[in-house]
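The structure appears below as structure tokens.
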Amino acid sequence: MANSDAIIANGTGQTVRTDIESNLQALKSNNSTGTTPTGNNLTSYMSWANTSSGQYQVHNSTAFLPVIDISTGSSAGTHIAKPGTSAIPGYRFLNSSGSAVQSGMGLPADTRLGFFISGSEKVSILSDGKVGIGTTSPSEMLQVSGGGAVISNSTNDAYLQIEATNTSNTDEVHLDLATGAHTDYAFRLIRHTGGTNAHSEIGHRGTGNLQLHCEGGGTIAFKTGTTAGANQPERWKINPSGCLEWSDNQITLAANLDASGVIVPRGIASRQGDSNTAAMGGNVYNFYWNSPNLIAYVDNTLIGTAATTSDYRIKQNIALQTESGIDKVKLLKPSTFQYKDYEGVFVADGITREGFIAHEVQEVIPSGATGTKDGTDIQSLQLDAIVSVLTKALQEAVAKIETLEAKVAALEAS
């Protein structure tokens, strides 16, 4: 600071001594006092220690401003600044030319600490600890607005990248995990462009497996539908035992579900033939094993059984039929009929067919039909039982014919 002369207002006697004493007092106040210096003895940029507030202050030709805490407590030595603004932060830096710039730190609000670059607040910290980058009002503990974020190690061989969409919604949003082998990304969670109805996907690179790992006995579930949030119905899931389950509705399967890895469907809706134009849907069907037959259901309707084998190794108490096959065949009632609409499974088509009525066959050949008349399930024929009786009747008829032929031959010979 340049030197300046102190002016003595009076020229002689006691007044000179008084003026000198006043100026000496001003010099003393530059050291320390409990009363703010006043009067026309103040010099611009003079400093003083305020022993009342415990602050060291500097005069800027208008007022004294605190710059450092000089109290005897734990805050002694700490710097003091005004809150500041984005144009003039409370703490500012000098550039390489020695000029103060609009970059630094300030307190734009009592509950927000801001970091400024070139007059713009770039990073904000709220009193509750929330940090905002690109926003002065973060709603989460860390919020980045206006761009993406990259978290990497020192060699950039592995990093986490978060890329945000722009304001025009023309950029995809993705979360990347990268390695040295794929520095752009090795694994990516993607939300593509396209607005509300854009699609999302998981991207995996390399020849390694993409694995879903659920620890602690949890289930991996796949949900689709129009219900929001956790209320989406489960369509596919893999239970902790490794069993795959699926359904066209909320899955409600028994707790003792097979744990050997079998697929337990609620119903299969198939395409008719190989036609690419045929729609999926309609009735669903299931098969299950009820020894010794494979049972077929369409929706909730039993439509028949299928014998799987006739190997002797699965049979016991084998004996030839002794009852007359002809007598049984004579009691059978071959009929004609047409199908009618029933239970949404059978559809009337107006075609006349030949066949039998199941319960009528069962009255003659007990094992020739399944179920019972008017029972819960639709009855179906067991063709192997019917064929065996027909074979027995044919054998009996052949034996009679051979006997008659023998008698006719004997008569002709005599």
Query - Qualifying residue in the stretch 344-362 (condition: closer than 22 Å to TRP289 by Cα and surrounded by 12 or more Cβ atoms within 10 Å (Cβ to Cβ)) - result: yes
Query raised in the report: Quick one: what pairs do we get from the stretch 126-153, first residue loosely packed, with under 12 Cβ neighbours inside 10 Å, second basic (Lys, Arg) and outside any loop (DSSP other than H, G, I, E, B), C-beta under 8 Å, 6+ apart or different chains?
Result: SER127/ARG112
Report summary line: Flagged in the stretch 70-91 as without any contact (Cβ under 8 Å) to a residue 24 or more places away in the chain and surrounded by 17 or more Cβ atoms within 10 Å (Cβ to Cβ), in numbering order, are ILE70, GLY90
Report summary line: When the stretch 205-224 is checked residue by residue, the ones that are surrounded by 10 or more Cβ atoms within 10 Å (Cβ to Cβ), more than 18 Å from the chain's Cα centre (by Cα) and small (Gly, Ala, Ser) are GLY206
Query raised in the report: All but one of (1) modelled with pLDDT of 85 or more; (2) closer than 30 Å to PHE287 by Cα hold for CYS214; which doesn't?
Result: (2)
Query raised in the report: Taking the stretch 46-69 only, how many residues are among the polar types (S, T, N, Q) and buried (at least 17 other Cβ atoms within 10 Å of the Cβ)?
Result: 3
Query raised in the report: Within the stretch 347-405, which residues are more than 24 Å from ASN283 (Cα to Cα), among the basic types (Lys, Arg) and outside any helix (DSSP H, G or I)?
Result: LYS373
Query - The listed residue being in contact (Cβ under 8 Å) with a residue 12 or more places away in the chain and over 30 Å from ASP299 (Cα atoms), out of ILE238, ILE190 - result: ILE190
Query - strands (runs of 3 or more DSSP E) within the stretch 65-159 that include 1 or more residues over 30 Å from TYR45 (Cα atoms) - result: 112-117, 120-126, 131-133, 142-144, 149-152
Query - Selected residue [modelled with pLDDT of 80 or more, surrounded by 11 or more Cβ atoms within 10 Å (Cβ to Cβ) and closer than 30 Å to ALA181 by Cβ] from ILE295, ILE202, ILE303, ILE238 - result: ILE238
Query raised in the report: Does the stretch 330-354 hold any residues that are in contact (Cβ under 8 Å) with a residue 24 or more places away in the chain and either in contact with a Leu (Cβ under 8 Å, 6 or more places away or on another chain) or among the charged types (D, E, K, R) (or both), and which are they?
Result: LYS333, GLU343
Query raised in the report: Does LEU411 count as exposed (fewer than 10 other Cβ atoms within 10 Å of the Cβ) and without any contact (Cβ under 8 Å) to a residue 12 or more places away in the chain?
Result: yes
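The values are calculated or read from the model by the stated rules, or taken from the named source; none is laboratory data. Just so you know, these numbers come straight off a predicted model, no measurement behind them. No Cβ is skipped: glycine too gets one built from the backbone with ideal geometry, and neighbour counts run over all protein chains shown.
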